[in-house]
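Colleague: Quick one: the structure is below, questions incoming.
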Amino acid sequence: MLGLFIMFVIVTYIVVQGTRAALAWRKAAAEGDVKVIRDIVEDSLGAWRSMKRPKEVSPDVWRGIQGMQIVEVDAELVRVSCQAEGDYRLVNGRWVETANPLHEAMAVTAKALDMLLYELPHHKPGRVQIDVYMTMREPDRVTERVCILSTTASREDARQVDWEEWTTAQIVEALGGRYRMDDLGQPLPIEVEAPKSVEAEDAGAPPAPSRR
């Protein structure tokens, strides 16, 4: 009985301390403590990198989610960058595009917005910005990463979105996603504003997804 009582006291203490810590984080984030908000976002990105892919999410989209890197954080905004490369398959000896990079970028953007707006613990950002990059290869030029889609969503605008029924393209269009296409429907580079403070080692070239 004594052992059970001691175990009960220990478990109760752990639960109480965990609850107090969660409330403290929530209060600090609500008051605009940027360091706490950044820690919350970093912890969530790290957890998503090690999390098993949900069955309803395609591997390409989940790869983009796991590759998200923080660009900028303030009291109202969470801005991240990620990547989308499309997909090619060898069919009858020829490489055929099976997934357009811009279509993949829209799918990654829709999922990332949903997660960052609604799945961050202890913090509900007022705005979320997703910048999606791809590798641009052109003859006689150095390979570079370029932004092909940038979308900023406020919490108020996101409430107007039907996340379950709308296509990813409809979601991006409704939230004012910026992109350009050539005559063949391939994405073209777009300009994005520089962060007020550079918080990632290289916001313009997110590294490949990794696991902690």
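Read the figures in this text as sums done on the coordinates, not as results from a lab. Predicted, not measured: the structure shown is a model, and the values here were computed from it. Virtual Cβ from ideal backbone geometry, glycine too; neighbours counted across all protein chains shown.
Colleague: Among residues other than residue 62 whose Cβ falls under 11 Å from its Cβ, what is the net charge (Lys/Arg +1, Asp/Glu -1)?
Modeller: Residues close to residue 62 contribute a combined charge of +4.
Colleague: Residue by residue, what Karplus-based ³J(HN,Hα) values in Hz, rounded to whole numbers, does segment 164-177 have, using 6.51, -1.76 and 1.60 with θ = phi - 60° and x for Gly and Pro?
Modeller: Values per residue, Gly and Pro as x: 8, 9, 6, 6, 5, 5, 5, 5, 5, 4, 5, 9, x, x Hz.
Colleague: Counting other Cβ atoms within 10 Å of each Cβ, which trypsin sites (Lys or Arg not before Pro) in segment 33-70 have at most 16 and sit in a DSSP loop?
Modeller: Passing sites in segment 33-70 are 52, 55.
Colleague: Kirkwood hydrodynamic radius for segment 26-114: how many Å is it when counted over pairs of different Cα atoms?
Modeller: Result for segment 26-114 stands at 14.7 Å.
Colleague: Taking θ as phi - 60°, what are the ³J(HN,Hα) couplings along segment 143-149 by the Karplus curve (6.51, -1.76, 1.60), each to the nearest whole Hz, with x for Gly and Pro?
Modeller: Listing the rounded values in order: 4, 9, 8, 10, 7, 10, 7 Hz.
Colleague: Note down the net charge around residue 117, summing +1 for each Lys or Arg and -1 for each Asp or Glu among other residues with Cβ under 15 Å from its Cβ.
Modeller: Net charge around residue 117: -1.
Colleague: Now, a different point. Which value in nm describes the separation of the simple spin-label points at residue 166 and residue 115, placed 7 Å from the Cα toward the beta carbon?
Modeller: If labels sit at residue 166 and residue 115, their model points lie 2.0 nm apart.
Colleague: So which trypsin sites (Lys or Arg not before Pro) in segment 124-188 end up in coil per DSSP with only 12 or fewer other C-beta atoms within 10 Å?
Modeller: Qualifying residues, ordered by number: 137, 141, 159.
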